[in-house]
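The values are calculated or read from the model by the stated rules, or taken from the named source; none is laboratory data. Note that the structure is a prediction, hence the values are computed from the model and not measured. In this analysis, Cβ positions are derived from the backbone assuming ideal geometry, glycine residues included, and neighbour counts consider all displayed protein chains. Just so you know, the surface numbers come from the protein's heavy atoms only, side chains and all, with ligands and any DNA or RNA stripped out. Shrake-Rupley method; radii C 1.70, N 1.55, O 1.52, S 1.80 Å.
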2 protein chains.
Amino acid sequence: MQTLLQHQIDQKTKPLGALGRLEDLALQIGLIQQTTQPQLRQPHLVVFAADHGAALHGVSAYPQEVTWQMVMNFLAGGAAINVFCRQHQINLKVADAGVNFDFDSHPQLINAKIAKGTQPFHLQTAMTENQAQQAMDKGAAIVRQIAQTGCNIIGFGEMGIGNTSAASLLMAFFTDLPLNVCIGTGTGVDEKGLQRKHQVLNQAYELHKHLKVSTKGEQTNGQAKEQNPLAILAAVGGFEIAMLTGAMLQAAKLHMVVLVDGFIASASFLVATIFQPTIRQYAIACHVSAEQGHQKLLEYLGLKPLLQLDMRLGEGTGVAVAYPLLESAVRFLNEMASFESAGVSVSK
Amino acid sequence: MQTLLQHQIDQKTKPLGALGRLEDLALQIGLIQQTTQPQLRQPHLVVFAADHGAALHGVSAYPQEVTWQMVMNFLAGGAAINVFCRQHQINLKVADAGVNFDFDSHPQLINAKIAKGTQPFHLQTAMTENQAQQAMDKGAAIVRQIAQTGCNIIGFGEMGIGNTSAASLLMAFFTDLPLNVCIGTGTGVDEKGLQRKHQVLNQAYELHKHLKVSTKGEQTNGQAKEQNPLAILAAVGGFEIAMLTGAMLQAAKLHMVVLVDGFIASASFLVATIFQPTIRQYAIACHVSAEQGHQKLLEYLGLKPLLQLDMRLGEGTGVAVAYPLLESAVRFLNEMASFESAGVSVSK
């Protein structure tokens, strides 16, 4: 299939490789769908929202209630992600993974609440392993439901005041990068707030570092220590992050194209690669954000982002604005003439 | 207006600056249209096509007839630019600025032929100054015609075997960058071809260098030498390039958003800035190509490209694939809720 696809790409009326990254995308999507005529069907974007105990301890520029207020804004159609999904006819769903608020039912809202926010991870584990597993399972179930619409391309976003902190910790636990490299200003914490964030995250790291296994293969008493990703996810993750991880794993299993958004979604994807390394071939990193650590995380994952627009909003906005590029990739493969069909001379 | 626009952007339900480059675009387009509710209307893309005498002297990987063959491909709807314009409902026109071929009439084809290709610029001037002026005037007339449809955003692409050579020479004449920095592999010339290209372009540069005036303000006999941009454009330019220059100048004059594509369109834009420096505020650089020199040229022009997708195809493809980002910018400004209207708490 790879040879067939590459041949088809090379026969189009353009110099070899002249469509750059769009050619890589066409090849990847063709391989995921195992066809030389890939199609993007019923694109969906799910924003997973949840609260974080740590948000009550000064790690964010915004108060915790912004999480539920923004969920209401998503449901009213007024947030950035609404605008971009409407623009590209992407079906938007909002999953309440664990927001500290009781929502009325709404056609776009999926009730998947595990609890009303996690516990502060610098004082105890954020959730139980059982809750982390529940969240992953619910994420998978949501994707299975969406797949029934015929959807074969799905993007993932998030909303949760304090969740860059959880993402930073997960990055520090699942890579060998030092914690301070993994911490950034999030939605725009000031100098003093950033100090406080560093302090809380260092405390969390110290509290849970016994769970960390060096990727270089640390040995204890002559025996290789086994990594327990679920325990780490439970200790320092978030409900929306665990749900994202489960959702991404399920989407890849169903051979969907998996669209990864900003720092938090990328951290969730990092956790997914620990559970299932082959998920990488299904993933497209849509945007590298201005958040420190995101670029390093994508490099670590071996993902090259499509866009670099200095956005740092989350919600899946990077996925939504990048979506037309995926369509362009599929369309040139299906619609462009070949040198032969167009009667154009090939290069000398 | 700038203050009004910035205030409106900052009141949207997102952290300050969190939409990154999209915020810059919204501000720029708002300023061009002098409104806090900008709209993109009747988007057009014009591909200017012409032949180059130098193409018969081994500067390109493709034979000259590919220019007219690709024009036929544009008119038949089979090229990359057709696919991307269809995707984004951009009205595509093809202007024959000087192709070495007689085309039948076609609703998408604008006959603006100056001559059947330029003369080889390493042996003589590529065209007369009169022809260069004619080409600029026809470019302007084409834009005036398009403006009558209500169009307020216009992109420019090009097709012309050999035209990266003309673009490299113009860059070397109108900046103080050395010629070899301005020369790249174009559509994919090989090592030997690249040597030949350097040789021909060095010869052209030597032949016409008396026209060059250092931007550092060279003095001759105590008097500042006056730059004659039309003479340089005539000596080393191309019909499509001169027409692009005239078209861009006219579009800015009509307060349209001017979308700049790849290396050749950027070189045309460089020439336009010599005629009218204020044109910069109307321009958006859509994509920086893989062509050596393009990034340096955009830096010189002070334009930050929106996309970097390793494309090197021309035709206006960079404009077309970037177009939805401009729409996203305008839409978030018009459609997103404010903190107040959505009842979302502001940052602490």
Based on the alpha carbons, how large is the Rg to Rh ratio for segment B:253-309 when Rh follows Kirkwood?
0.94
Residue with peak Gaussian network fluctuation, chain A [Cα springs, cutoff 10 Å], from A:Phe101, A:Phe74, A:Phe332:
A:Phe332
Just how far, in whole angstrom, is segment A:171-200 from segment A:1-50 if you go by their alpha carbon centroids?
36 Å
If segment B:29-92 were replaced by its equivalent ellipsoid, with semi-axes equal to the square roots of 5 times the Cα gyration tensor eigenvalues, what would those be, largest first, whole Å?
34, 16, 8
Over segment A:235-319, what percent of the accessible surface lies on carbon and sulfur atoms, probe 1.4 Å?
48 percent
Within segment B:1-149, what whole-number % of the accessible surface is contributed by carbon and sulfur, with the 1.4 Å probe and all protein chains included in the calculation?
47 percent
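If you take every residue apart from A:Met72 with its C-beta less than 13 Å away from the C-beta of A:Met72, what net charge results, scoring Lys and Arg +1 and Asp and Glu -1?
Net charge around A:Met72: -4.
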Any residues in segment B:74-106 that have 40 Å² or more less accessible area with all protein chains than in their chain alone, probe 1.4 Å, and which are they?
B:Gly78, B:Val83, B:Phe84, B:Gln87
Accessible area buried, both sides summed, chains A and B with 1.4 Å probe, Å²
4600 Å²
One decimal, nm, nearest first: from B:Gln195 to the same residue in each other copy, label points 7 Å out along Cα→Cβ, the values are 6.4
Compute the label-point distances linking A:Gln124 to its equivalents in the other copies; points lie 7 Å from Cα along Cα→Cβ; give nm, one decimal, shortest first.
9.0
Cβ-Cβ FRET estimate between A:Leu4 and B:Asn91, R0 fixed at 25 Å, reported to 0.05
0.10
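If you average 1/r over all unlike Cα pairs in segment B:240-348 and invert the result, what Kirkwood radius do you get in angstrom? Could the numbers behind the result be given before it?
Details: mean 1/r = 0.0660 Å⁻¹.
15.2 Å is the Kirkwood radius here.
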Starting from a label point 7 Å past Cα on the Cβ side, list the distances from A:Arg280 to the same position in the other copies, nm, shortest first.
4.3
For segment B:151-280, what Kirkwood radius comes out of the mean inverse Cα-Cα distance, in Å?
15.5 Å
Mind checking which lysines have their C-alpha under 16 Å from B:Lys304, skipping anything on the same chain fewer than 8 residues away?
B:Lys296
Spread of Cα-to-Cα distances over 10 Å intervals beginning at zero, given as percent, for segment A:91-151
20, 45, 27, 7, 0
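Would you calculate the convex hull of the Cα atoms in the protein assembly as shown and tell me its volume per residue in Å³?
173 Å³
What is the diffusion coefficient of segment B:232-280 in µm²/s, taking the Kirkwood radius over Cα pairs and the Stokes-Einstein relation at 4 °C with a viscosity of 1.567 mPa s?
121 µm²/s
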Amide H of A:Ala18 versus every other amide H placed in the peptide plane: which residues, excluding those fewer than 5 positions away on the same chain, fall under 5 Å?
none
Collect residues whose amide H, placed 1.01 Å from N in the peptide plane, falls under 5 Å from the amide H of B:Val257; neighbours closer than 5 in sequence don't count.
B:Ile153, B:Ile154
For B:Lys192, A:Lys14, B:Lys113, the accessible-area ranking with a 1.4 Å probe, largest leading, is B:Lys192, B:Lys113, A:Lys14
Compactness summary of segment B:165-205: radius of gyration and Dmax from Cα atoms, Å, are 9.6, 27
At 0.890 mPa s and 25 °C, Stokes D of segment A:149-188 from Kirkwood alpha-carbon radius, µm² per second:
203 µm²/s
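Test of understanding: express the Cα radius of gyration of segment A:1-148 as a ratio to 2.2 N^0.38 Å, with N the residue count.
On the way: Rg = 20.6 Å, N = 148, 2.2 N^0.38 = 14.7 Å.
The reported ratio for this selection is 1.40.
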Whole-Hz Karplus couplings 3J(HN,Hα) for segment A:35-43, θ = phi - 60° and coefficients 6.51, -1.76, 1.60, Gly and Pro as x, run 7, 8, 10, x, 9, 9, 10, 6, x
As a quick test, which of the pairs B:Lys113/B:Lys212; B:Lys113/B:Lys138; A:Lys93/A:Lys138; A:Lys138/A:Lys197 have an alpha carbon distance above 20 angstrom in this structure?
B:Lys113/B:Lys212; A:Lys138/A:Lys197
Take peptide A:60-73, look around each residue's Cβ out to 10 angstrom, count Cβ atoms belonging to other protein chains, and average those counts.
4
Going from the alpha-carbon gyration tensor of chain A, what semi-axes, largest first and in whole Å, does one get by taking the root of 5 times each eigenvalue?
36, 23, 18
Distance between the C-alpha centers of segment A:112-150 and segment B:105-156? Whole Å please.
60 Å
How large is ³J(HN,Hα) for each residue in segment A:204-212, as worked out from phi by the Karplus curve 6.51 cos²θ - 1.76 cosθ + 1.60 (θ = phi - 60°), to whole Hz, x for Gly and Pro?
5, 4, 4, 4, 10, 5, 4, 7, 6
A correct Karplus calculation of ³J(HN,Hα) over segment B:170-178, with 6.51 cos²θ - 1.76 cosθ + 1.60, θ = phi - 60°, whole Hz and x for Gly and Pro, returns 4, 4, 5, 7, 9, 10, 9, 7, x
Of all the residues in chain A, which one has the C-beta that comes nearest the axis relating A to B, and what is the distance in Å?
A:Pro324, 2
Which whole number gives the average count of other chain Cβ atoms within 10 Å of the Cβ atoms across peptide A:309-316?
6
A:Ser338, B:Ser268, A:Ser105, ranked by accessible area, largest first (probe 1.4 Å)
A:Ser105, A:Ser338, B:Ser268
At 1.4 Å probe size, with every protein chain present, just tell me what the per residue accessible area of the protein assembly as shown comes to in Å².
37 Å²
Kindly work out what percent of the DSSP beta bridges joining two residues of the protein assembly as shown are antiparallel, to the nearest 5.
10 percent
What does the net charge come to around B:Gln203 if you take all other residues with beta carbon closer than 14 Å to its beta carbon, with K and R at +1 and D and E at -1?
+2
Can you give me the long-range amide H partners of A:Glu158? Hydrogens built in the peptide plane at 1.01 Å from N, cutoff under 5 Å, separation of 5 or more residues or another chain.
A:Phe48, A:Glu315, A:Gly316
As a check on your grasp of the helix formula, calculate [θ] at 222 nm for chain B: sum -39500 (n - 2.57) over DSSP H runs of n ≥ 4, divide by the residue count, round to the nearest 500.
-14500 deg cm²/dmol
Just to confirm my numbers, what's the Cα centroid distance between segment A:306-341 and segment A:220-281 in Å?
25 Å
